[in-house]
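The values are calculated or read from the model by the stated rules, or taken from the named source; none is laboratory data. Only a predicted model underlies this, so the values are computations on that prediction, with no experimental measurement involved. Using ideal geometry, Cβ is built from the backbone for each residue, glycine included, and neighbour counts are taken over all protein chains shown. Heavy atoms of the whole protein, side chains included, go into the accessibility calculation; ligands, DNA and RNA do not. Shrake-Rupley method; radii C 1.70, N 1.55, O 1.52, S 1.80 Å.
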Amino acid sequence: MDLFGTLSCLFLWRLASPLPGGPPIATSVTEAEAATLRRLARGGRVIEFGAAMGYSTVVMALVATHVTTVDPHTGIPGSLPTLLRNLQAYGVRDRVTVVTATSQAFCRDTSQIADADLVFIDGDHSYEAALHDLRCAASLVVPGGAIAIHDYARIGTVNRAVADWTSTRPQVVDSMAVFSPAPALAAVPGFGFPLGRPRNPLAADLSVWLVCGDAEEMG
(Lines give C-alpha, C1' and ligand atoms only; values in the text may rest on other atoms or scores of the structure.)
Protein backbone atom coordinates (compact mmCIF):
# COMPACT_ATOMS: atom_id res chain seq x y z
CA MET A 1 0.00 0.00 0.00
CA ASP A 2 1.33 3.47 -0.81
CA LEU A 3 1.71 6.29 1.72
CA PHE A 4 -1.63 7.87 0.75
CA GLY A 5 -3.44 4.59 1.25
CA THR A 6 -1.77 3.98 4.59
CA LEU A 7 -2.66 7.44 5.90
CA SER A 8 -6.23 7.17 4.61
CA CYS A 9 -6.61 3.84 6.35
CA LEU A 10 -5.38 5.24 9.65
CA PHE A 11 -7.80 8.18 9.47
CA LEU A 12 -10.73 5.74 9.40
CA TRP A 13 -9.85 4.41 12.84
CA ARG A 14 -10.93 5.91 16.15
CA LEU A 15 -10.91 5.04 19.82
CA ALA A 16 -14.30 3.99 21.15
CA SER A 17 -15.68 2.27 24.25
CA PRO A 18 -18.32 -0.47 23.85
CA LEU A 19 -19.70 0.58 27.24
CA PRO A 20 -19.63 4.01 28.90
CA GLY A 21 -16.55 4.31 31.07
CA GLY A 22 -14.92 1.20 29.63
CA PRO A 23 -11.41 1.16 28.18
CA PRO A 24 -11.31 2.57 24.63
CA ILE A 25 -10.56 0.21 21.74
CA ALA A 26 -9.19 1.17 18.33
CA THR A 27 -11.77 0.48 15.61
CA SER A 28 -13.08 1.58 12.22
CA VAL A 29 -16.66 0.60 13.16
CA THR A 30 -18.92 3.64 13.60
CA GLU A 31 -21.46 4.19 16.37
CA ALA A 32 -24.36 3.52 13.98
CA GLU A 33 -22.73 0.32 12.76
CA ALA A 34 -22.09 -0.80 16.35
CA ALA A 35 -25.74 -0.16 17.24
CA THR A 36 -26.84 -2.29 14.29
CA LEU A 37 -24.48 -5.13 15.25
CA ARG A 38 -25.77 -4.94 18.80
CA ARG A 39 -29.36 -5.26 17.59
CA LEU A 40 -28.61 -8.17 15.27
CA ALA A 41 -26.49 -10.05 17.83
CA ARG A 42 -28.82 -9.70 20.80
CA GLY A 43 -29.68 -13.08 22.29
CA GLY A 44 -28.06 -15.02 19.45
CA ARG A 45 -24.96 -16.88 18.32
CA VAL A 46 -22.45 -14.90 16.27
CA ILE A 47 -19.52 -15.71 14.00
CA GLU A 48 -17.10 -12.88 13.20
CA PHE A 49 -14.45 -12.84 10.46
CA GLY A 50 -11.84 -10.23 11.43
CA ALA A 51 -11.44 -9.11 15.04
CA ALA A 52 -8.38 -6.80 15.22
CA MET A 53 -8.38 -5.29 18.73
CA GLY A 54 -11.83 -6.61 19.54
CA TYR A 55 -14.17 -3.62 19.48
CA SER A 56 -16.88 -5.29 17.39
CA THR A 57 -16.25 -8.58 19.23
CA VAL A 58 -16.98 -6.94 22.58
CA VAL A 59 -19.98 -4.99 21.24
CA MET A 60 -21.63 -8.22 20.08
CA ALA A 61 -20.51 -10.39 23.02
CA LEU A 62 -22.11 -8.00 25.51
CA VAL A 63 -25.56 -8.94 24.13
CA ALA A 64 -25.08 -12.29 22.36
CA THR A 65 -25.17 -15.74 23.90
CA HIS A 66 -21.87 -16.63 22.21
CA VAL A 67 -19.40 -15.15 19.71
CA THR A 68 -16.84 -17.10 17.69
CA THR A 69 -14.25 -14.67 16.36
CA VAL A 70 -11.90 -15.79 13.57
CA ASP A 71 -8.67 -13.93 12.81
CA PRO A 72 -5.07 -15.05 12.16
CA HIS A 73 -3.75 -11.98 14.01
CA THR A 74 -0.80 -11.62 11.69
CA GLY A 75 -1.54 -8.18 10.23
CA ILE A 76 -1.47 -5.91 13.31
CA PRO A 77 1.37 -6.44 15.82
CA GLY A 78 0.02 -7.21 19.25
CA SER A 79 -3.61 -7.52 18.19
CA LEU A 80 -4.20 -10.94 19.77
CA PRO A 81 -3.07 -10.07 23.32
CA THR A 82 -4.92 -6.74 23.00
CA LEU A 83 -8.09 -8.57 21.96
CA LEU A 84 -7.79 -10.95 24.92
CA ARG A 85 -7.23 -8.07 27.35
CA ASN A 86 -10.28 -6.25 26.01
CA LEU A 87 -12.47 -9.34 26.31
CA GLN A 88 -11.34 -9.69 29.91
CA ALA A 89 -11.80 -6.00 30.69
CA TYR A 90 -15.40 -6.06 29.50
CA GLY A 91 -16.22 -9.34 31.24
CA VAL A 92 -17.10 -11.30 28.10
CA ARG A 93 -14.15 -13.69 27.82
CA ASP A 94 -16.33 -16.68 28.76
CA ARG A 95 -18.77 -15.90 25.94
CA VAL A 96 -16.15 -15.66 23.18
CA THR A 97 -14.30 -18.44 21.36
CA VAL A 98 -11.12 -17.01 19.82
CA VAL A 99 -10.03 -18.89 16.69
CA THR A 100 -6.55 -17.89 15.53
CA ALA A 101 -6.88 -18.83 11.85
CA THR A 102 -7.88 -17.40 8.51
CA SER A 103 -11.51 -17.57 7.48
CA GLN A 104 -10.46 -19.94 4.68
CA ALA A 105 -9.03 -22.41 7.18
CA PHE A 106 -12.05 -22.02 9.46
CA CYS A 107 -14.51 -22.59 6.63
CA ARG A 108 -12.66 -25.70 5.40
CA ASP A 109 -13.42 -27.35 8.74
CA THR A 110 -16.25 -29.76 7.88
CA SER A 111 -17.40 -29.80 11.52
CA GLN A 112 -18.84 -26.30 11.10
CA ILE A 113 -22.64 -26.32 11.17
CA ALA A 114 -25.22 -23.69 10.30
CA ASP A 115 -26.07 -22.38 13.77
CA ALA A 116 -25.13 -18.69 13.62
CA ASP A 117 -27.84 -16.06 13.98
CA LEU A 118 -25.40 -13.43 12.69
CA VAL A 119 -22.20 -13.58 10.68
CA PHE A 120 -20.21 -10.32 10.67
CA ILE A 121 -17.50 -9.98 8.00
CA ASP A 122 -14.68 -7.46 8.45
CA GLY A 123 -11.55 -9.34 7.43
CA ASP A 124 -9.50 -9.48 4.25
CA HIS A 125 -11.01 -6.87 1.93
CA SER A 126 -9.75 -8.28 -1.36
CA TYR A 127 -12.47 -9.25 -3.84
CA GLU A 128 -11.66 -12.97 -3.65
CA ALA A 129 -11.55 -13.06 0.14
CA ALA A 130 -14.73 -11.02 0.58
CA LEU A 131 -16.62 -13.25 -1.87
CA HIS A 132 -15.30 -16.35 -0.09
CA ASP A 133 -16.40 -15.00 3.28
CA LEU A 134 -19.88 -14.17 2.01
CA ARG A 135 -20.30 -17.67 0.59
CA CYS A 136 -19.04 -19.23 3.78
CA ALA A 137 -21.27 -16.98 5.90
CA ALA A 138 -24.33 -18.09 3.97
CA SER A 139 -23.47 -21.71 4.79
CA LEU A 140 -23.14 -20.93 8.51
CA VAL A 141 -26.18 -18.74 9.17
CA VAL A 142 -29.52 -20.20 10.22
CA PRO A 143 -32.64 -19.58 8.10
CA GLY A 144 -33.82 -16.09 8.93
CA GLY A 145 -30.41 -15.12 10.30
CA ALA A 146 -28.37 -12.09 9.24
CA ILE A 147 -25.11 -11.39 7.43
CA ALA A 148 -23.34 -8.03 7.76
CA ILE A 149 -20.21 -7.03 5.85
CA HIS A 150 -18.18 -3.95 6.73
CA ASP A 151 -16.74 -1.41 4.25
CA TYR A 152 -19.28 -2.20 1.52
CA ALA A 153 -19.79 1.50 0.87
CA ARG A 154 -16.12 2.35 1.28
CA ILE A 155 -14.01 -0.24 -0.57
CA GLY A 156 -14.77 -1.16 -4.16
CA THR A 157 -13.56 -4.76 -3.95
CA VAL A 158 -16.02 -5.45 -1.12
CA ASN A 159 -18.83 -3.75 -3.01
CA ARG A 160 -18.16 -5.84 -6.12
CA ALA A 161 -17.99 -9.06 -4.11
CA VAL A 162 -21.42 -8.35 -2.63
CA ALA A 163 -22.86 -7.52 -6.06
CA ASP A 164 -21.52 -10.77 -7.51
CA TRP A 165 -22.73 -12.80 -4.54
CA THR A 166 -26.39 -11.78 -4.60
CA SER A 167 -28.84 -9.54 -6.42
CA THR A 168 -30.59 -8.81 -3.11
CA ARG A 169 -30.16 -5.17 -2.17
CA PRO A 170 -28.79 -4.72 1.36
CA GLN A 171 -29.65 -2.23 4.04
CA VAL A 172 -26.65 0.11 4.24
CA VAL A 173 -25.60 1.55 7.61
CA ASP A 174 -22.72 3.98 7.11
CA SER A 175 -20.25 1.70 5.27
CA MET A 176 -21.79 -1.63 6.35
CA ALA A 177 -24.12 -3.76 4.21
CA VAL A 178 -26.72 -5.76 6.15
CA PHE A 179 -28.76 -8.68 4.87
CA SER A 180 -31.47 -9.50 7.38
CA PRO A 181 -32.66 -12.07 6.66
CA ALA A 182 -29.69 -13.38 4.70
CA PRO A 183 -30.50 -14.36 1.11
CA ALA A 184 -30.99 -18.09 0.47
CA LEU A 185 -28.50 -19.16 -2.23
CA ALA A 186 -27.81 -22.49 -3.90
CA ALA A 187 -24.79 -24.51 -2.75
CA VAL A 188 -21.72 -24.78 -4.95
CA PRO A 189 -21.16 -28.44 -5.91
CA GLY A 190 -18.06 -29.78 -4.18
CA PHE A 191 -17.53 -26.58 -2.22
CA GLY A 192 -20.46 -26.39 0.14
CA PHE A 193 -20.82 -22.62 0.09
CA PRO A 194 -23.62 -20.82 -1.77
CA LEU A 195 -22.91 -19.70 -5.29
CA GLY A 196 -23.03 -15.99 -6.02
CA ARG A 197 -25.76 -14.88 -8.38
CA PRO A 198 -25.05 -12.86 -11.54
CA ARG A 199 -23.89 -9.38 -10.78
CA ASN A 200 -26.63 -6.86 -10.10
CA PRO A 201 -26.25 -4.10 -12.72
CA LEU A 202 -28.01 -1.67 -10.39
CA ALA A 203 -25.48 -2.14 -7.61
CA ALA A 204 -23.10 0.72 -7.00
CA ASP A 205 -19.67 -0.03 -8.45
CA LEU A 206 -17.49 2.04 -6.17
CA SER A 207 -13.87 2.63 -6.99
CA VAL A 208 -11.32 1.17 -4.59
CA TRP A 209 -10.53 3.91 -2.13
CA LEU A 210 -8.08 1.84 -0.13
CA VAL A 211 -7.55 -1.66 1.17
CA CYS A 212 -6.23 -1.66 4.72
CA GLY A 213 -3.96 -4.68 4.82
CA ASP A 214 -4.29 -8.14 3.38
CA ALA A 215 -5.07 -10.17 6.47
CA GLU A 216 -8.26 -10.55 8.47
CA GLU A 217 -7.73 -7.90 11.11
CA MET A 218 -10.01 -4.97 10.36
CA GLY A 219 -12.61 -4.97 13.21
(request) Take the range 175-192 and flag every residue that is under 17 Å from the mean Cα position of the chain (by Cα), crowded, with 18+ Cβ neighbours inside 10 Å and at pLDDT below 95. (result) ALA182
(message) If I filter the range 131-139 for residues that are part of a loop (DSSP other than H, G, I, E, B) and either under 15 Å from PHE49 (Cβ atoms) or aliphatic (A, V, I, L, M) (or both), do I get at least one hit?
(response) no
(request) Please work out which residue is surrounded by the most Cβ atoms within 10 Å (Cβ to Cβ), limiting yourself to the range 54-69 and to residues that are of a type in the set (Ser, Thr, Tyr) and part of a strand (DSSP E or B). (result) THR69
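Taking VAL172, is it surrounded by fewer than 19 Cβ atoms within 10 Å (Cβ to Cβ), modelled with pLDDT of 95 or more and not small (Gly, Ala, Ser)?
Values: surrounded by fewer than 19 Cβ atoms within 10 Å (Cβ to Cβ): yes; modelled with pLDDT of 95 or more: yes; not small (Gly, Ala, Ser): yes.
Yes; evaluated as a whole, the condition is true for this residue.
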(message) Consider the range 81-114. How many of its residues are hydrophobic (A, V, I, L, M, F, W, C) and open to solvent by 50 Å² or more (accessible area, probe 1.4 Å)?
(response) 4
(request) May I ask you to list the residues in the range 17-39 that are within 24 Å of THR100 (Cα to Cα) and either of a type outside the set (Gly, Ala, Ser) or open to solvent by less than 10 Å² (accessible area, probe 1.4 Å) (or both)? (result) PRO18, PRO23, PRO24, ILE25, THR27, SER28, VAL29, ALA34, LEU37, ARG38
(request) Please work out which one of (1) within 15 Å of the chain's Cα centre (by Cα); (2) open to solvent by less than 10 Å² (accessible area, probe 1.4 Å); (3) under 23 Å from PRO18 (Cα atoms) is the condition ASP117 fails and give its number. (result) (2)
(request) Return the only residue of GLY43, GLY91 being closer than 27 Å to PRO181 by Cβ, over 15 Å from the mean Cα position of the chain (by Cα) and either part of a helix (DSSP H, G or I) or at pLDDT 95 or above (or both). (result) GLY43
(request) Kindly establish whether SER139 is at pLDDT below 95 and open to solvent by 40 Å² or more (accessible area, probe 1.4 Å). (result) no
(message) Restricting to the range 115-130, name every residue that is more than 19 Å from VAL178 (Cβ to Cβ) and assigned to a loop (DSSP other than H, G, I, E, B).
(response) ASP115, ASP124, SER126
(message) Can you confirm whether ILE147 is in contact with a Gly (Cβ under 8 Å, 6 or more places away or on another chain) and either open to solvent by less than 10 Å² (accessible area, probe 1.4 Å) or over 21 Å from CYS107 (Cβ atoms) (or both)?
(response) no
